[in-house]
Amino acid sequence: MRIGITCYPTYGGSGALATELALELGRRGNEVHMISYASPFRLRNFAEHVFFHEVDLSGTYPLLEYFPYSLALAVKQHEVALREKLDILHVHYALPHATAAFLAREMLEPDHQVKVITTLHGTDITLVGQAKSFFTVTKFSIERSDAVTAVSAYLRDETYRAFGCTDCEIEVIPNFVNLETYRPAVGDEGCRPALGPPGVQVLMHISNFRPVKRVPDVVQTFARVRAELPSVLVFVGDGPERPAAEELVAELGLSRDVRFLGKVDAVADLLRCADLFLLPSESESFGLAALEALACGVPVVGTAVGGLAEVVPEDAGALVPVGDVDLMAEKALAMLRDPARLRAFREAAVRSAARYSADRIVPMYEDLYRRTLAS
Ligand code: GMT
């Protein structure tokens, strides 16, 4: 099949998943054209059958105080769909991608037919899409898609609850992980000795440091663990809450044991070096970072919100109420203090991630493409 994929290129779950999907579809012989304003952060090397098309942002004019990105995107989607004879435009994150794809599909008529598939990821439904300024266009764009998927049952139900979405069936296709890339460490492989000397536990958090991730709770949890056990905390990623987290680390006298690595594109090598992954989010439609940690054999301690409970089973981690840093630290310590228990959690983590292997999930998208093309 010939598939156009649009996503945000920036550090975040929806862009990561969309790019991983493009790479997997390419490996399986499909031709994939990624369309966005910059090359997605996980599309760094040459990949057979995967191409990138940059949206033209040059059409500025003094009158246009705010550049109409959605229109420029629709123009590029239309151009690529026509030239490359795309069968499908698969957009990730409803806003404004599904709206632009709707426009592109309308503009293509009658020269070329393309189906629009929208995958909902999280904040497009739980936060941004419900804002007064976007609600009606989000609902419209979902309802006018030829098919809609959500990355968890929680997100599907939340979409029905918040938007109604009559006449649209939302299919759950969960996020996935490539188990060849995301696999447990063999011995003291890679960065492990550099991050934590023997006897020192390595806790890790990866995110885009947005308020919804509750980064200060990561620091507070670590402070409690550090008080009881030799341990270090490794932060991966960057975003608006990073300066506040750095200040809190200094305030709590933890600077020697906390490292901020900034944005790293290939996180599997780092995850393999961790003993525990912390994800104390306010809301999480799925938690792709948690799944990637599990696949690397790293148990997850996080919050019982949204779709995280679908991803992290009880034997592979612990989920607690939002903000309960004492309980998070208690759960973390219970695992880290007991090597046999930690090993059991690690093994369960790997087993649970296998439910979401790329080999199982990507064919679900291909099947949806075929069904949508036949409809
Ligand atoms: O979580 C973020 O800040 C990024 C956001 C996105 O859309 O880029 O992530 C959402 O999509 C991910 C991939 O499907 C999910 O794993 C995340 O749970 C979801 N984030 C939230 O719901 C807050």
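Each reported figure results from applying straightforward, stated rules to the coordinates on display, with no laboratory input. Note that the structure is predicted; figures quoted are calculated from it, not measured. Here the Cβ is made from the backbone with ideal geometry for all residues, glycine too, and neighbour counts use every protein chain on show.
Helix check for the chain. Which DSSP H runs span at least 20 Å along their own axis by Cα, with a mean Kyte-Doolittle hydropathy no less than 1.6? Intermediate values should be presented prior to the final figure.
Numbers: long enough: 13-27 (21 Å, 0.43); 69-83 (21 Å, 0.30); 339-353 (21 Å, -0.27); 358-374 (24 Å, -0.42).
Span-like helices, by this rule, are absent here.
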Practice prompt. Return Ser285, Ser152, Ser70 ranked ascending by Cβ neighbour count within 10 Å, so the fewest neighbours appear first.
Written response: Ser70, Ser152, Ser285
Worksheet, complete the sentence: Long-range amide H partners of Glu171, meaning residues 5 or more apart or on another chain whose placed amide H is closer than 5 Å, are Val148, Thr149, Ala150
Item to complete: Identify the residues of the stretch 256-288 with backbone N under 13 Å of a label point that sits 7 angstrom from the Cα of Val200 along the Cα-to-Cβ direction, or state none.
Response: 256-260
Practice prompt. Work out Dmax and Rg for the stretch 62-127 from the C-alpha atoms and quote the Rg first, both in angstrom.
Written response: 12.8, 37
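Full extension from His112 to Asp269: what is 0.36 nm times the residue separation minus their Cα-Cα distance, to one decimal in nm?
Working: separation 157, 0.36 × 157 = 56.52 nm, distance 4.35 nm.
Gain in length upon complete extension: 52.2 nm.
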Worksheet item: Which Rg and Dmax, in Å, describe the Cα atoms of the stretch 234-345?
Response: 14.0, 38
Worksheet entry | Coil-residue chymotrypsin sites (Phe, Trp or Tyr not before Pro) of the stretch 162-264, DSSP, other Cβ within 10 Å capped at 10 | none
Response to the item:
For Asp157 and Asp367, extending 7 Å from Cα along the Cα-Cβ vector and measuring point to point gives, in nm, a value of 2.3
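Please rank Glu54, Glu241, fewest neighbouring Cβ atoms within 10 Å first, as an exposure proxy. Could you put the intermediate results ahead of the total?
Numbers: Glu54 13, Glu241 20.
Arranged by neighbour count, lowest to highest, Glu54, Glu241 become Glu54, Glu241.
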Worksheet item: Full extension from Phe51 to Ala354: what is 0.36 nm times the residue separation minus their Cα-Cα distance, to one decimal in nm?
Response: 106.2 nm
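Report relative contact order for the stretch 273-375 in percent, whole number only (criteria: Cα-Cα under 8 Å, sequence separation at least 6). List each step's numbers first, then the result.
Values: 146 pairs, mean separation 27.8, N = 103.
The normalised contact order for the stretch 273-375 reaches 27 percent.
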Fill in: Cα pair distances exceeding 36 angstrom across the chain, given as percent
24
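What length, rounded to one decimal in nm, is gained on full extension from Ala304 through to Glu169, with 0.36 nm per residue of separation minus their alpha-carbon distance? Don't jump to the answer; show the numbers that get you there.
On the way: separation 135, 0.36 × 135 = 48.60 nm, distance 2.65 nm.
Here the segment from Ala304 to Glu169 would lengthen by 45.9 nm.
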Worksheet, complete the sentence: Yeah, the stretch 97-159 with a ≥ b ≥ c from its alpha-carbon gyration tensor (a/c under 1.5 is rounded, else prolate when a/b outruns b/c, oblate otherwise) is oblate
Worksheet entry | Sequence of Arg242, Arg370 once ranked by neighbouring C-beta atoms within 10 Å, starting from the fewest | Arg370, Arg242
Worksheet entry | In range of the label at Leu71: residues from the stretch 95-121 whose backbone nitrogen is under 18 Å from the point 7 Å along Cα→Cβ | 96-108
Item to complete: Treating only the Cβ atoms of Lys and Arg (+1) and Asp and Glu (-1) as charged, compute the dipole magnitude of the chain about its Cα centre; round to the nearest 20 debye.
Response: 380
Response to the item:
Among the Cα-Cα pairs of the stretch 1-129, the proportion with separation greater than 18 Å, in percent, is 51
Worksheet item: Rounded if a/c is under 1.5, else prolate if a/b is larger than b/c, else oblate: which is the stretch 285-366, with a ≥ b ≥ c the root eigenvalues of its Cα gyration tensor?
Response: oblate
Discussion item. Defining a contact as two alpha carbons under 8 Å apart and six or more residues distant in sequence, what relative contact order in percent does the stretch 192-356 show?
Written reply: 23
Item to complete: Might you report the magnitude of the Cβ-based charge dipole of the stretch 192-356 about its Cα centre, with Lys and Arg at +1 and Asp and Glu at -1, to the nearest 20 debye?
Response: 440
Discussion item. Starting from a Cα-only point model with no solvent, please compute log10 I(q)/I(0) by Debye for the stretch 50-191 at q = 0.16 1/Å.
Written reply: -0.90
Discussion item. If I take every Cα pair under 8 Å that is 6 or more residues apart in the chain, average their sequence separation and divide by the length, what percent do I get for the relative contact order?
Written reply: 14
Item to complete: Would you mind checking Lys115/Lys263; Lys139/Lys263; Lys76/Lys115; Lys76/Lys139; Lys213/Lys263; Lys213/Lys331 for any pair whose Cα atoms are more than 25 angstrom apart?
Response: Lys115/Lys263; Lys139/Lys263
